[in-house]
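Asker: This structure is in structure tokens; I'll ask about it shortly.
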Amino acid sequence: QILEDVAGERYHELMSIQSLISQEINENLVGKEFDVLVEARDREDNSVVAGRSYREAPEVDGQIYIENDSESSEGDIVRVKVSAGFAYDVVAERI
């Protein structure tokens, strides 16, 4: 057994490292194309929808945010090109 504060420190250190790994993987997706299942429209910006490709598990992984998409509805499958990668999510444009 280890002290709770030591466990907490180790957890945060590992999560920080994993965040950097995830960001690197997502940054390497820039320029790649995917089919995305549209799941929701952004409440604050009506031109952005959120969805996932075959790579993202629901409620576990990040999402793909599709910018400048006022046409898609929930349930649509759209082709996108990734324009930016972040620690947990990616941004894409509909093509």
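Asker: By accessible area of protein heavy atoms, probe 1.4 Å, what ranking do Y88, Y54, Y65 get, highest first?
Answerer: From most exposed to least exposed: Y54, Y88, Y65.
Asker: Mind checking the per residue accessible area of the chain for me, 1.4 Å probe, whole number of Å²?
Answerer: 70
Asker: Can you give the local net charge around I66? Use residues other than it whose beta-carbon is closer than 9 angstrom to its beta-carbon, Lys and Arg +1, Asp and Glu -1.
Answerer: Result for the local shell: -2.
Asker: For the chain, what is the calculated [θ] at 222 nm in deg cm²/dmol (nearest 500), taking -39500 (n - 2.57) for each run of four or more DSSP H residues and dividing by its residue count?
Answerer: The helix-only estimate for the chain comes to -9000 deg cm²/dmol at 222 nm.
Asker: Would you report the distance distribution of C-alpha pairs in the chain as whole percents per 5 angstrom bin, up to the bin with the largest distance?
Answerer: Values per bin, smallest distances first: 3, 14, 22, 20, 14, 9, 7, 5, 4, 2, 0.
Asker: ³J(HN,Hα) across segment 79-86 via Karplus (A = 6.51, B = -1.76, C = 1.60, θ = phi - 60°), whole Hz, x for Gly/Pro?
Answerer: Working through the residues one at a time gives 8, 10, 10, 5, 10, 7, x, 10 Hz.
Asker: Round to a whole number: what % of the accessible area of the chain belongs to carbon and sulfur, probe 1.4 Å?
Answerer: Roughly 49 percent, rounded to a whole number.
Asker: Let me ask something additional. From the convex hull of the Cα coordinates of segment 15-58, what is the mean projected area in square nanometres?
Answerer: 4.3
Asker: Let me ask something additional. In terms of solvent-accessible area of protein heavy atoms at a 1.4 angstrom probe, what is the ranking of R79, R43, highest value first?
Answerer: Heavy-atom accessible area, descending, gives R43, R79.
Asker: How far apart, in nanometres, would the label points at E74 and L14 be if each is projected 7 angstrom from Cα along the Cα-to-Cβ direction?
Answerer: 3.5
Asker: Enter the angle in degrees (range 0 to 90, nearest 10) between the Cα long axis of helix 4-27 and the first principal axis of the Cα atoms of the chain, meaning the one along which they spread out most.
Answerer: Rounded to the nearest ten degrees, it is 30.
The values are calculated or read from the model by the stated rules, or taken from the named source; none is laboratory data. Everything quoted here is computed from the prediction, not taken from an experiment. Don't worry about glycine lacking a Cβ; one is built from the backbone with ideal geometry, like all the others, and counts go over all protein chains shown. The protein model used for the area step is the full one, side chains on, heavy atoms only, and it has no ligands, DNA or RNA in it. Shrake-Rupley method; radii C 1.70, N 1.55, O 1.52, S 1.80 Å.
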